[in-house]
Amino acid sequence: MTETAPLRARAEIDLAALRANVRTLRALAPGAAFMAVVKADAYGHGMVPCARAAVQAGATWVGTATPEEALALRAAGIKGRLMCWLWTPGGPWREGVEADLDMSVSGLWALREVSAAARSVGRTARVQLKADTGLGRNGCMPDDWPELVSQARQAEAEGLVRVTGIWSHFACADEPGHPSIAAQLALFREMVAAAEERGIRPEVRHIANSPGTLTLPETHFDLVRPGIAMYGISPSPEVGTSQEFGLRPVMTLSASLALVKHAPGGHGVSYGHHYVTPGDTTLGLVPVGYGDGIPRHASGTGPVLVGGKWRTVAGRIAMDQFVVDLGGDEPAVGSEAVLFGPGDRGEPTAEDWAQAAGTIAYEIVTRIGSRVPRVHVNERPDE
């Protein structure tokens, strides 16, 4: 969406900030290609506009989790290198081959399915072999690696696949000095070397996520894959703040007050009456709730800027709405309530909501639901 008419709620997405973040991150890894990770609807920011903005700012690859996301990007006209990594048996391999996706393979079953798809369409599939270097999620275990590499080489010899990359993912890169970082990096080097000794010639080797890109230059290899940092959010307060890294949060979430009313002292607020007004006051109704992705865990703690002042969620966050105690102030109905943004106007940030809900800022922005329109601003490149 691009209209600016009053809305119940809106998530304003500043694409100029996103482009600036991409440029900042690229400068940290000048010798590496840049993959803009736009999985999960670009962490809640809108996949297609964010992919376009990232490419405008110099991203040479785009990355998604699911093949459906990647195919949707192709359908929207996103060209160039496009990688997806979360495949399940029976997935749309044929469509992936036809769309020239780079498809991740973590086991023999996936290699067999993508090879069969390539044979059926008469085209060579681009695949990337994922190594489990210690995260313990997706990826091929070191003991199984020689067989996967051998079978991939055989598929290459038959013209069915081209191994374009070898990659892995960190478990604790957002925890500075964690011993697993060095251990994973060493194992990744070993597994890459083992594949290359068997004749694999990858175009790109990559392991650096957002914290790796920001703080671990030795992990940059041929390509970096920033995700959350591209949207101006630090991967971890322990690593550094967004401001310290020169990143600007891209999403501002706001809503229009639906009601302002007087309430006496002793008045219960929301389900369970976990909040009771301490005295005569005014209450403001914010028309978003956990049905819009506002975390119920932030009941009683979530911060909101109304009338230039920080307010706190009063009582439980409901499915569609929550209340703030305005302390006697009387903003007009329709006044803006800012849940989070860059912080320029004194508003809370996504990190503030993460602290309030006992989670991470990744979840705060990604969980904002489809009932909240994304209003993309600054769509034209600014250089």
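The values are calculated or read from the model by the stated rules, or taken from the named source; none is laboratory data. All of these numbers come straight from a predicted model, not from anything done at the bench. Don't worry about glycine lacking a Cβ; one is built from the backbone with ideal geometry, like all the others, and counts go over all protein chains shown. Quick note on the areas: whole protein, heavy atoms, side chains included, nothing else; ligands and nucleic acids left out. Shrake-Rupley method; radii C 1.70, N 1.55, O 1.52, S 1.80 Å.
Taking springs between alpha-carbon atoms closer than 10 angstrom, which of His297, His169, His267 fluctuates most in the Gaussian network model of the chain?
The residue that fluctuates most here is His267.
Under the rule of at least 5 residues apart or a separate chain, name every residue whose amide H is placed under 5 Å from the amide H of Val375.
Under 5 Å from the amide H of Val375 lie the amide H atoms of Ala11, Glu12, Ile13, each far enough along the sequence or on another chain.
Counting DSSP beta bridges with both partners in the chain, what percentage is antiparallel, nearest 5?
50
Which net charge results for the neighbourhood of Arg81, defined as the other residues with beta-carbon distances under 11 angstrom from its beta-carbon, given Lys and Arg at +1 and Asp and Glu at -1?
-1
Determine the sum of side-chain charges near Glu218: Lys and Arg each +1, Asp and Glu each -1, restricted to other residues whose C-beta is under 14 angstrom from that of Glu218.
With Lys, Arg at +1 and Asp, Glu at -1, the net is +1.
Beta carbons within 10 angstrom, averaged per residue: use that to sort the peptides 36-42, 189-195, highest first.
In descending order of packing, they fall as 36-42, 189-195.
Name the long-range amide H neighbours of Ala125: under 5 Å, sequence gap of 5 or more, or other chain; modelled H, no Pro or chain starts.
The list, which skips near neighbours in sequence, is Val161, Arg162.
Which entry in (1) 78, 43, 42; (2) 65, 48, 46; (3) 56, 53, 46 is this structure's computed Cα extents along the principal axes in Å?
After the calculation, the listed value that fits is (1).
Take the alpha-carbon centre of region 185-245, take the same for region 85-99, and report the distance between them in whole Å.
25
With springs only between Cα atoms under 10 Å apart, run a GNM on the chain and tell me which of Ala76, Ala318, Ala350 wobbles the most.
Top of the fluctuation ranking is Ala76.
Over the chain, what is the mean sequence separation of C-alpha contacts under 8 Å (at least six apart), divided by residue count, expressed as relative contact order in percent?
Relative contact order here is 19 percent.
Where nothing but the Cβ of Lys and Arg (+1) and of Asp and Glu (-1) is charged, how large is the charge dipole of region 67-184 around its Cα centre, in debye to the nearest 20?
440
Each residue of region 344-355 in order: what ³J(HN,Hα) in whole Hz does its phi give by Karplus 6.51 cos²θ - 1.76 cosθ + 1.60, θ = phi - 60°, with x for Gly and Pro?
Per-residue couplings from phi come out as 4, 9, x, 6, x, 10, 4, 5, 4, 5, 4, 5 Hz.
Collect residues whose amide H, placed 1.01 Å from N in the peptide plane, falls under 5 Å from the amide H of Arg311; neighbours closer than 5 in sequence don't count.
The list, which skips near neighbours in sequence, is Val304, Leu305, Val306.
Tabulate in residue order the Karplus-calculated ³J(HN,Hα) for region 33-45, using 6.51 cos²θ - 1.76 cosθ + 1.60 with θ = phi - 60°, rounded to whole Hz; enter x for Gly and Pro.
Along region 33-45, the couplings run 5, 10, 9, 8, 8, 10, 4, 6, 6, 6, 6, x, 9 Hz.
Using only alpha carbon pairs under 8 Å that are at least six residues apart, calculate the relative contact order of region 100-197 and give it in whole percent.
Relative CO of region 100-197 lands at 29 percent.
In Å and whole numbers, how far do the C-alpha atoms of region 121-225 stretch along each principal axis, longest first?
Taking the Cα atoms of region 121-225, the three principal extents are 46, 25, 23 Å.
Rank Arg19, Arg371, Arg81 by accessible area, highest first, at a 1.4 Å probe radius?
Sorted descending by solvent-accessible area, the residues read Arg371, Arg81, Arg19.
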